[in-house]
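The structure appears right after this line, and notes come after that.
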Amino acid sequence: MKSPLLSLPGAVPAEGVDEGVAAHYGDLFREQRALADGTGFVDLSHRGVVTVSGEDRLSWLHLLLTQHVSELPAGEATEALILSAHGHIEHALYLVDDGATVWAHVEPGSQDALIAYLESMKFFYRVEVADRTGEFAVVHLPAGSIAEVPEGVVVRETAHGRDLFLPRADLESYAGKAGPAAGLLAYEALRVEHHRPRLGFETDHRTIPHELGWIGTAVHLQKGCYRGQETVARVQNLGKPPRRLVFLHLDGSEVHLPPPGTEIRVADEGPDGRRIGFITTSVRHHELGPVALALVKRNVPVDARLVAGETAAAQEVVVEP
């Protein structure tokens, strides 16, 4: 779904899964600084919007999600995963309940598969699942923003800012009031800085929650009865996920930024050393310079010097080995 905000001055369209919104509006670092300072907004209108209504909505979702939501207070934001039977991550949902309806935004284009799964699990529960992507656009306001939120708009507020479920018809008019627009590249740079994983970027077909640090934020360890829980419990008890998320400082890559998928090796093993991981997201940060998130094998020493392609990389621990 192409955003009308691509008509704003300087807008450069994003590509790939983020197609439909702006990658930036002409000044990547200025846009990052604005978000870091709590000003401006990000157009996330390409993301899917799914709602679940009905009196059984929370108790029903509690059976399907990794998060404890049966008693989720109205207005309290949370995030949750849906796993495969083997514990691999299939969906990531960013949730809030408004007292009558659970609102969730999900990765662009993933809402159809998510809804198909939810519909298959309804059985006798009193719930209604709906795709609201055509009606509502997600707009992100950074932490500290004093931008006004229109009356009646559902808001999902976290430490990183507020996500608005804005009527799509109001997107252009709201953009004129919310301050300077920041593109997806600025938003992604701050996501990487805060070590926050993203479905389809930090995940592949075999990713489990422990590898990315989603235990605690999206997985509640004191609940059961959801698909994939056995894997979560087993890995939690053994303490040995096969891989771990790391944050990388990339050296000498001001011109060439190693793209996602770039192989990572241990520097001391030379150019023919074994592959121990790969970059998942790489960005240019306004203060930190070129940085990335990556998945590496769990047993890679935390002080090992790494090489991403031809680029030296120093690691910071995100998930303890």
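The values are calculated or read from the model by the stated rules, or taken from the named source; none is laboratory data. Just so it is clear, the structure is predicted and the values come from calculations on it, not from any experiment. When we count neighbours, we look across all protein chains shown, and the Cβ atoms used for this are built from the backbone with ideal geometry, even at glycine. Each accessible area value is taken on the protein alone, full model and side chains, heavy atoms only, with ligands, DNA and RNA left out. Shrake-Rupley method; radii C 1.70, N 1.55, O 1.52, S 1.80 Å.
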Task: Two-site label geometry, Asp27 and Cys225: point separation in nm, points 7 Å out along Cα→Cβ - done: 5.5 nm
TODO: Multiply the residue gap between Leu6 and Asp98 by 0.36 nm, knock off their C-alpha separation, and tell me the result in nm, one decimal place.
DONE: 30.1 nm
Open item on the list: At a threshold of 8 angstrom on Cα-Cα distance, excluding pairs fewer than six apart, so keeping six or more, what relative contact order does the range 48-131 reach in percent?
Closed with: 40 percent
- [ ] Provide the gained length on full extension for the span Asp251 to Ala233, in nm with one decimal, where the gain is 0.36 nm per separating residue minus the Cα-Cα distance.
- [x] 2.7 nm
Task: Dipole of the range 26-100, positive end: most advanced residue of Tyr94, Pro73, Ser59 [Cβ charges, Cα centre] - done: Tyr94
TODO: Assuming R0 = 41 Å, can you tell me the calculated FRET efficiency for the pair Glu19 and Glu71, based on Cβ-Cβ distance, to the nearest 0.05?
DONE: 0.60
Task: Residues whose placed amide H lies under 5 Å from that of Gly26, excluding near-sequence neighbours - done: Val12
Task: Of the trypsin sites (Lys or Arg not before Pro) in the range 228-299, those whose Cβ has at most 11 other Cβ within 10 Å and which sit in DSSP loop - done: Arg274
TODO: Decide, for the range 46-96, between rounded, prolate and oblate: order the square roots of the alpha carbon gyration tensor eigenvalues as a ≥ b ≥ c, take rounded if a/c falls under 1.5, and otherwise choose prolate if a/b is larger than b/c, else oblate.
DONE: oblate
Open item on the list: Tell me the relative contact order for the chain as a rounded percent, counting alpha carbon contacts under 8 Å between residues six or more apart.
Closed with: 19 percent
Task: Most mobile of Val129, Val296, Val153 in a GNM of the chain (Cα contacts under 10 Å) - done: Val153
Open item on the list: For a quick check of your reading of the filter: which GluC sites (Glu not before Pro) in the range 1-61 sit in a DSSP loop and have no more than 11 other Cβ atoms within 10 Å?
Closed with: Glu15, Glu55
Task: FRET efficiency, Arg126 to Ile146 (Cβ-Cβ, R0 45 Å, nearest 0.05) - done: 0.70
Task: Loop-located GluC sites (Glu not before Pro) in the range 111-216, at most 16 other Cβ atoms within 10 Å (DSSP) - done: Glu135, Glu148, Glu151
Open item on the list: Not counting ligands, DNA or RNA, and with a 1.4 Å probe, what is Met1's accessible surface area in Å² rounded to the nearest 10?
Closed with: 120 Å²
- [ ] Note down the relative contact order for the range 242-320 as a percent, whole number, built from C-alpha pairs under 8 angstrom at least six residues apart.
- [x] 43 percent
